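Below you'll find the structure, written out as structure tokens, and then a few comments.
The values are calculated or read from the model by the stated rules, or taken from the named source; none is laboratory data. Predicted, not measured: the structure shown is a model, and the values here were computed from it. Here the Cβ is made from the backbone with ideal geometry for all residues, glycine too, and neighbour counts use every protein chain on show.
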């Protein structure tokens, strides 16, 4: 952990300093994060566009619909795996580049593979656990589902940083992720809730901007139900894929950055590192001349 003591995200945070650190890191590394995220998003958008959901719109037989949905399972799994791979690459870059400038995005692409298979295994286990927890949450109605989903997201954000900093050990990654989540439980949940809310707002605004060039087709489909099926063709439009990838590239790096902040904050608290005080609130330093009495106006 000593090698990360100089990491800009390694400190005890308040909610204000966490968001400030996220923005500062994102701004300083923007070019690399944006370009790499754009390429990654473009690949995922293209693969997703090959999944033809329009075939479901004219089906009325539940059996045929189920068979059609089964055809989408493997393409959707492939998109999910690629998404996890890209997340692993970005997380490695975010954690190691600030402490080792030789670790660029290309180095991260192959060095992060060391953790990828373990990450996939944990995700499979996490999906089973999450599904069970969400079913339990249903018994508490809507509030329970939202709480469980927020709890699962908080645990999820710790997993990759733990793997990459503390070693590729599945057992340790799972136990440490739960442990760090619970040690500062309400603060962690609150921070994640605020972050997710901000992320949702940004994503909605960006999605609306991306849809502007295609509003004519969408409006035509609303006013003319016979054309509704054709309006979905914009999703395979190259311009839509490019604009959607640009929008995704702006938000894609935020999740791994925030995960690193949560993890380093939890470790800093365990190490009892003092809470960082903003420069504006630091006590004024004593100057050498303040140790001597100032001469009165009549003294010469």
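A compact table of results
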| quantity | calculated |
| --- | --- |
| Residue in segment 236-256 that is at pLDDT below 90 and part of a loop (DSSP other than H, G, I, E, B) present | yes |
| In segment 92-108, residue surrounded by the most Cβ atoms within 10 Å (Cβ to Cβ) [restricted to those that are touching a helix residue (DSSP H, G or I) at 6+ places or on another chain (Cβ under 6 Å) and part of a loop (DSSP other than H, G, I, E, B)] | 103 |
| Unmet criterion (only one of (1) modelled with pLDDT of 80 or more; (2) more than 19 Å from residue 35 (Cβ to Cβ); (3) part of a helix (DSSP H, G or I)) for residue 67 | (1) |
| Failed item in (1) out of contact with any helix residue (DSSP H, G or I) (no Cβ under 6 Å at 6 or more places or on another chain); (2) within 23 Å of residue 16 (Cβ to Cβ); (3) touching a residue at least 40 places away in the same chain (Cβ under 8 Å), with residue 186 passing the rest | (3) |
| Selection status of residue 170, at pLDDT 90 or above, in contact with a helix residue (DSSP H, G or I) (Cβ under 9 Å, 6 or more places away or on another chain), surrounded by fewer than 19 Cβ atoms within 10 Å (Cβ to Cβ) and more than 28 Å from residue 21 (Cβ to Cβ) | yes |
| Candidate set from segment 199-233 (those that are modelled with pLDDT of 85 or more and out of contact with any helix residue (DSSP H, G or I) (no Cβ under 8 Å at 6 or more places or on another chain)); member that is farthest from residue 13 (Cα to Cα) | 208 |
